[in-house]
Amino acid sequence: LGVAEMFSVADPAGRFIGGTPTTMAPEVWLGNFGPKCDVWSLGCIMFELCTGALPFMATTVQPSAWTRLHKRGPKWEEMKTCAESKTLCRAMLQYKEADRPSMMEVLDFEYFQTAAHELKVVPPERFTNFLNAHKLHRARQGLLLEIASRMPFERAGEIIRMFSEVDADHTGTITLDELKAYFDRVGIQHDDLAKTFQALDVDKDGFLSFSEFSSGALLLYQDALEDELHVLFSSYDSDGKGYLTPAEAEKFLDSVRAATDLGGRASSQIDAFVRSGQITFQQLRDFLVAPVSSRPSSCLSQSSLRSNRSNRSNR
(Lines give C-alpha, C1' and ligand atoms only; values in the text may rest on other atoms or scores of the structure.)
Protein backbone atom coordinates (compact mmCIF):
# COMPACT_ATOMS: atom_id res chain seq x y z
CA LEU A 1 0.00 0.00 0.00
CA GLY A 2 3.03 2.29 0.20
CA VAL A 3 2.48 3.22 3.84
CA ALA A 4 5.34 1.24 5.43
CA GLU A 5 7.56 3.36 7.65
CA MET A 6 11.08 2.93 9.04
CA PHE A 7 11.73 3.95 12.66
CA SER A 8 15.05 5.57 13.46
CA VAL A 9 16.90 4.65 16.63
CA ALA A 10 17.14 8.31 17.64
CA ASP A 11 13.42 9.00 17.24
CA PRO A 12 11.43 5.72 17.08
CA ALA A 13 8.07 7.35 16.50
CA GLY A 14 5.77 7.86 13.54
CA ARG A 15 3.15 10.52 12.98
CA PHE A 16 1.74 9.67 9.57
CA ILE A 17 -1.67 8.02 9.93
CA GLY A 18 -2.01 5.20 7.44
CA GLY A 19 -2.64 1.48 7.15
CA THR A 20 -5.48 -1.03 7.17
CA PRO A 21 -8.15 0.30 9.56
CA THR A 22 -9.08 -3.14 10.95
CA THR A 23 -5.51 -3.79 12.14
CA MET A 24 -4.28 -0.26 12.96
CA ALA A 25 -3.20 0.19 16.59
CA PRO A 26 -4.86 2.84 18.78
CA GLU A 27 -1.74 5.00 18.78
CA VAL A 28 -1.65 4.96 14.96
CA TRP A 29 -5.15 6.39 14.89
CA LEU A 30 -3.96 9.08 17.30
CA GLY A 31 -0.97 9.93 15.11
CA ASN A 32 1.86 9.16 17.54
CA PHE A 33 3.18 5.60 17.42
CA GLY A 34 6.26 3.40 17.59
CA PRO A 35 7.37 -0.10 16.49
CA LYS A 36 4.91 -1.84 18.82
CA CYS A 37 2.06 -0.82 16.53
CA ASP A 38 3.06 -3.82 14.40
CA VAL A 39 2.68 -6.10 17.42
CA TRP A 40 -0.93 -4.89 17.67
CA SER A 41 -1.52 -5.50 13.97
CA LEU A 42 -0.21 -9.06 14.22
CA GLY A 43 -2.38 -9.56 17.28
CA CYS A 44 -5.41 -8.60 15.18
CA ILE A 45 -4.40 -11.11 12.52
CA MET A 46 -3.85 -13.82 15.13
CA PHE A 47 -7.30 -13.22 16.60
CA GLU A 48 -8.86 -13.51 13.14
CA LEU A 49 -6.96 -16.75 12.42
CA CYS A 50 -8.13 -18.25 15.71
CA THR A 51 -11.77 -17.15 15.52
CA GLY A 52 -12.57 -16.49 11.87
CA ALA A 53 -13.69 -12.95 12.78
CA LEU A 54 -12.03 -9.54 12.98
CA PRO A 55 -11.43 -8.30 16.54
CA PHE A 56 -12.55 -4.75 15.72
CA MET A 57 -14.89 -3.31 13.09
CA ALA A 58 -16.26 0.22 13.10
CA THR A 59 -18.57 1.72 10.48
CA THR A 60 -16.59 4.94 10.14
CA VAL A 61 -13.00 6.07 9.75
CA GLN A 62 -13.26 8.47 12.67
CA PRO A 63 -10.36 7.64 15.06
CA SER A 64 -12.59 7.95 18.14
CA ALA A 65 -14.88 5.18 16.89
CA TRP A 66 -11.98 2.75 16.54
CA THR A 67 -10.22 3.64 19.77
CA ARG A 68 -13.45 3.13 21.72
CA LEU A 69 -13.57 -0.43 20.37
CA HIS A 70 -9.90 -0.90 21.18
CA LYS A 71 -10.40 0.13 24.81
CA ARG A 72 -13.32 -2.30 25.13
CA GLY A 73 -11.27 -5.15 23.66
CA PRO A 74 -12.32 -8.01 21.37
CA LYS A 75 -14.80 -10.74 22.29
CA TRP A 76 -12.36 -13.13 23.93
CA GLU A 77 -15.06 -15.74 24.48
CA GLU A 78 -15.01 -16.35 20.71
CA MET A 79 -11.40 -17.53 20.91
CA LYS A 80 -11.66 -21.29 21.48
CA THR A 81 -8.02 -22.16 20.81
CA CYS A 82 -5.42 -23.21 23.37
CA ALA A 83 -4.73 -21.12 26.48
CA GLU A 84 -1.22 -20.28 25.26
CA SER A 85 -2.55 -18.67 22.08
CA LYS A 86 -5.09 -16.62 24.00
CA THR A 87 -2.45 -15.40 26.48
CA LEU A 88 -0.22 -14.27 23.63
CA CYS A 89 -3.03 -12.58 21.71
CA ARG A 90 -4.22 -10.73 24.82
CA ALA A 91 -0.70 -9.39 25.38
CA MET A 92 -0.39 -8.26 21.76
CA LEU A 93 -3.72 -6.41 21.92
CA GLN A 94 -3.02 -4.40 25.07
CA TYR A 95 -4.48 -0.94 24.52
CA LYS A 96 -1.51 0.93 25.98
CA GLU A 97 1.59 0.65 23.81
CA ALA A 98 3.84 0.46 26.87
CA ASP A 99 1.96 -2.62 28.15
CA ARG A 100 2.49 -4.51 24.91
CA PRO A 101 5.51 -6.82 24.39
CA SER A 102 8.07 -6.02 21.73
CA MET A 103 8.47 -8.33 18.75
CA MET A 104 11.48 -9.98 20.43
CA GLU A 105 9.51 -10.46 23.65
CA VAL A 106 6.64 -12.03 21.72
CA LEU A 107 8.95 -14.88 20.74
CA ASP A 108 9.52 -15.70 24.41
CA PHE A 109 5.85 -16.50 25.03
CA GLU A 110 4.94 -20.10 25.82
CA TYR A 111 2.95 -20.37 22.59
CA PHE A 112 6.18 -20.42 20.61
CA GLN A 113 7.74 -23.00 22.92
CA THR A 114 4.99 -25.53 22.12
CA ALA A 115 6.07 -28.48 19.99
CA ALA A 116 5.28 -27.97 16.32
CA HIS A 117 3.03 -31.03 16.06
CA GLU A 118 0.78 -29.59 18.78
CA LEU A 119 0.10 -26.47 16.70
CA LYS A 120 -1.48 -28.24 13.73
CA VAL A 121 -5.08 -27.48 12.85
CA VAL A 122 -7.50 -29.89 14.53
CA PRO A 123 -10.98 -29.73 12.98
CA PRO A 124 -13.55 -30.39 15.74
CA GLU A 125 -15.50 -32.81 13.54
CA ARG A 126 -12.44 -35.06 13.37
CA PHE A 127 -13.00 -36.05 17.00
CA THR A 128 -16.73 -36.73 16.71
CA ASN A 129 -16.40 -40.52 16.56
CA PHE A 130 -13.92 -40.60 19.43
CA LEU A 131 -16.10 -38.43 21.65
CA ASN A 132 -19.12 -40.57 20.79
CA ALA A 133 -17.33 -43.84 21.59
CA HIS A 134 -19.61 -44.34 24.59
CA LYS A 135 -22.47 -44.80 22.11
CA LEU A 136 -20.78 -47.78 20.46
CA HIS A 137 -22.42 -51.17 20.68
CA ARG A 138 -20.44 -53.37 23.08
CA ALA A 139 -19.48 -55.77 20.30
CA ARG A 140 -18.05 -52.92 18.23
CA GLN A 141 -16.09 -51.77 21.28
CA GLY A 142 -14.74 -55.28 21.69
CA LEU A 143 -13.74 -55.52 18.05
CA LEU A 144 -11.88 -52.21 18.26
CA LEU A 145 -10.09 -53.33 21.43
CA GLU A 146 -9.12 -56.65 19.85
CA ILE A 147 -7.65 -54.82 16.85
CA ALA A 148 -5.85 -52.29 19.06
CA SER A 149 -4.29 -54.99 21.25
CA ARG A 150 -2.91 -56.81 18.20
CA MET A 151 -1.67 -53.75 16.31
CA PRO A 152 2.15 -53.69 15.97
CA PHE A 153 3.77 -50.50 17.28
CA GLU A 154 5.48 -49.85 13.96
CA ARG A 155 2.03 -49.38 12.37
CA ALA A 156 0.64 -47.19 15.13
CA GLY A 157 2.78 -44.07 14.72
CA GLU A 158 0.02 -41.42 14.79
CA ILE A 159 -1.80 -43.10 17.68
CA ILE A 160 1.44 -43.41 19.68
CA ARG A 161 2.13 -39.72 19.11
CA MET A 162 -1.38 -38.76 20.21
CA PHE A 163 -1.13 -41.02 23.27
CA SER A 164 2.17 -39.35 24.24
CA GLU A 165 0.59 -35.90 23.92
CA VAL A 166 -2.32 -36.87 26.16
CA ASP A 167 -0.16 -38.74 28.71
CA ALA A 168 1.16 -35.53 30.28
CA ASP A 169 2.86 -37.18 33.27
CA HIS A 170 4.42 -39.94 31.10
CA THR A 171 3.16 -42.81 33.24
CA GLY A 172 2.09 -44.95 30.30
CA THR A 173 -1.57 -44.59 31.21
CA ILE A 174 -4.11 -41.79 30.73
CA THR A 175 -6.43 -40.34 33.36
CA LEU A 176 -9.71 -38.57 32.71
CA ASP A 177 -8.13 -35.26 33.77
CA GLU A 178 -5.33 -35.71 31.22
CA LEU A 179 -7.85 -36.47 28.49
CA LYS A 180 -9.87 -33.37 29.41
CA ALA A 181 -6.72 -31.24 29.45
CA TYR A 182 -5.79 -32.46 25.96
CA PHE A 183 -9.17 -31.54 24.50
CA ASP A 184 -9.03 -28.16 26.26
CA ARG A 185 -5.59 -27.60 24.76
CA VAL A 186 -6.75 -28.25 21.20
CA GLY A 187 -9.94 -26.25 21.75
CA ILE A 188 -12.46 -29.08 21.28
CA GLN A 189 -15.69 -29.12 23.30
CA HIS A 190 -16.09 -32.38 25.23
CA ASP A 191 -19.40 -32.51 27.10
CA ASP A 192 -19.59 -36.33 27.11
CA LEU A 193 -15.89 -37.05 27.57
CA ALA A 194 -16.41 -38.75 30.96
CA LYS A 195 -18.82 -41.21 29.33
CA THR A 196 -16.34 -41.90 26.55
CA PHE A 197 -13.57 -42.46 29.10
CA GLN A 198 -15.73 -44.93 31.02
CA ALA A 199 -16.59 -46.80 27.83
CA LEU A 200 -12.93 -47.11 26.80
CA ASP A 201 -11.82 -48.08 30.33
CA VAL A 202 -12.72 -51.75 29.87
CA ASP A 203 -11.09 -53.04 33.07
CA LYS A 204 -12.59 -50.14 35.07
CA ASP A 205 -9.34 -49.28 36.87
CA GLY A 206 -9.71 -45.53 36.27
CA PHE A 207 -6.90 -45.40 33.70
CA LEU A 208 -6.66 -45.93 29.94
CA SER A 209 -3.92 -48.27 28.86
CA PHE A 210 -2.43 -47.81 25.40
CA SER A 211 -4.68 -50.55 23.98
CA GLU A 212 -7.80 -49.08 25.60
CA PHE A 213 -6.98 -45.60 24.32
CA SER A 214 -6.12 -46.96 20.87
CA SER A 215 -9.50 -48.68 20.58
CA GLY A 216 -11.05 -45.20 20.54
CA ALA A 217 -8.24 -43.45 18.66
CA LEU A 218 -8.56 -45.96 15.80
CA LEU A 219 -11.87 -44.27 15.01
CA LEU A 220 -9.83 -41.18 14.05
CA TYR A 221 -7.64 -43.07 11.56
CA GLN A 222 -9.95 -45.03 9.27
CA ASP A 223 -7.20 -46.18 6.89
CA ALA A 224 -5.22 -47.72 9.76
CA LEU A 225 -8.40 -49.20 11.20
CA GLU A 226 -9.31 -50.92 7.93
CA ASP A 227 -5.76 -52.21 7.46
CA GLU A 228 -5.64 -53.75 10.92
CA LEU A 229 -9.16 -55.15 10.57
CA HIS A 230 -8.10 -56.90 7.38
CA VAL A 231 -5.10 -58.43 9.15
CA LEU A 232 -7.36 -59.69 11.93
CA PHE A 233 -9.98 -60.96 9.47
CA SER A 234 -7.34 -62.88 7.52
CA SER A 235 -6.06 -64.57 10.67
CA TYR A 236 -9.51 -66.18 11.15
CA ASP A 237 -10.12 -66.86 7.45
CA SER A 238 -8.17 -70.11 7.74
CA ASP A 239 -8.80 -71.35 4.19
CA GLY A 240 -8.18 -67.95 2.59
CA LYS A 241 -11.46 -67.89 0.66
CA GLY A 242 -12.22 -64.27 1.56
CA TYR A 243 -15.12 -64.94 3.93
CA LEU A 244 -15.73 -66.39 7.37
CA THR A 245 -17.85 -69.48 7.73
CA PRO A 246 -20.25 -69.54 10.70
CA ALA A 247 -17.68 -71.59 12.65
CA GLU A 248 -14.88 -69.15 11.84
CA ALA A 249 -17.12 -66.19 12.62
CA GLU A 250 -18.01 -67.71 15.98
CA LYS A 251 -14.30 -68.02 16.88
CA PHE A 252 -13.72 -64.48 15.66
CA LEU A 253 -16.48 -63.04 17.80
CA ASP A 254 -15.48 -65.13 20.83
CA SER A 255 -12.41 -62.90 21.11
CA VAL A 256 -14.63 -59.83 20.77
CA ARG A 257 -16.88 -61.03 23.59
CA ALA A 258 -13.85 -61.69 25.75
CA ALA A 259 -12.42 -58.24 25.05
CA THR A 260 -15.55 -56.56 26.38
CA ASP A 261 -16.22 -59.13 29.10
CA LEU A 262 -19.61 -60.08 27.71
CA GLY A 263 -19.40 -63.42 29.49
CA GLY A 264 -20.27 -65.38 26.38
CA ARG A 265 -23.43 -63.38 25.88
CA ALA A 266 -24.21 -61.81 22.55
CA SER A 267 -26.94 -59.43 21.48
CA SER A 268 -29.59 -60.51 19.01
CA GLN A 269 -27.92 -58.36 16.34
CA ILE A 270 -24.57 -60.09 16.81
CA ASP A 271 -26.22 -63.50 16.99
CA ALA A 272 -27.93 -62.81 13.67
CA PHE A 273 -24.66 -61.53 12.25
CA VAL A 274 -22.82 -64.76 13.14
CA ARG A 275 -25.60 -67.05 11.89
CA SER A 276 -26.22 -65.14 8.66
CA GLY A 277 -23.89 -67.39 6.69
CA GLN A 278 -20.62 -66.43 5.09
CA ILE A 279 -19.37 -63.08 6.38
CA THR A 280 -17.20 -61.11 3.98
CA PHE A 281 -14.59 -58.57 4.92
CA GLN A 282 -16.78 -55.82 3.45
CA GLN A 283 -19.66 -56.73 5.77
CA LEU A 284 -17.36 -56.80 8.77
CA ARG A 285 -15.83 -53.48 7.72
CA ASP A 286 -19.27 -51.88 7.37
CA PHE A 287 -20.23 -53.20 10.79
CA LEU A 288 -17.15 -51.69 12.42
CA VAL A 289 -16.62 -48.36 10.66
CA ALA A 290 -20.24 -47.29 10.32
CA PRO A 291 -20.94 -43.92 12.00
CA VAL A 292 -20.79 -44.28 15.77
CA SER A 293 -24.39 -43.16 16.19
CA SER A 294 -25.71 -45.87 13.89
CA ARG A 295 -27.11 -49.15 15.17
CA PRO A 296 -25.13 -52.30 14.33
CA SER A 297 -28.22 -53.90 12.82
CA SER A 298 -28.30 -51.16 10.17
CA CYS A 299 -25.02 -52.47 8.81
CA LEU A 300 -26.52 -55.84 8.01
CA SER A 301 -29.98 -55.47 6.55
CA GLN A 302 -32.63 -58.18 6.35
CA SER A 303 -32.06 -58.41 2.60
CA SER A 304 -28.36 -58.95 3.24
CA LEU A 305 -29.18 -61.71 5.72
CA ARG A 306 -31.44 -63.39 3.20
CA SER A 307 -28.75 -63.06 0.54
CA ASN A 308 -26.20 -64.74 2.81
CA ARG A 309 -28.55 -67.59 3.58
CA SER A 310 -29.28 -68.02 -0.12
CA ASN A 311 -25.57 -68.12 -0.95
CA ARG A 312 -25.02 -70.73 1.74
CA SER A 313 -27.85 -72.96 0.51
CA ASN A 314 -26.67 -72.71 -3.11
CA ARG A 315 -23.33 -74.09 -2.03
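Observations
- Between K71 and Q113, the FRET efficiency estimated from the beta carbon spacing at R0 = 35 angstrom works out to 0.70.
- Å² of accessible area per residue within region 163-218, as computed with a 1.4 Å probe and no ligands counted: 45 Å²
- Highest to lowest packing among 22-29, 233-240, scored as the average C-beta count within 10 Å: 22-29, 233-240
- Protection-proxy order for peptides 80-87, 163-170, each taking the mean of Cβ atoms within 10 Å per residue, highest first: 80-87, 163-170
- Accessible area expressed per residue, region 33-121, with surrounding protein chains retained (probe 1.4 Å, Å²): 59 Å²
- Qualifying lysines (Cα of each under 20 Å from Cα of K75; at least 8 residues distant if same chain): K86, K96
- Cα-Cα over 30 Å, subset of K204/K241; K80/K195; K36/K180: K204/K241; K36/K180
The values are calculated or read from the model by the stated rules, or taken from the named source; none is laboratory data. Predicted, not measured: the structure shown is a model, and the values here were computed from it. Here the Cβ is made from the backbone with ideal geometry for all residues, glycine too, and neighbour counts use every protein chain on show. Just the protein is used for accessible areas: all its heavy atoms, side chains included, with ligands, DNA and RNA removed. Shrake-Rupley method; radii C 1.70, N 1.55, O 1.52, S 1.80 Å.
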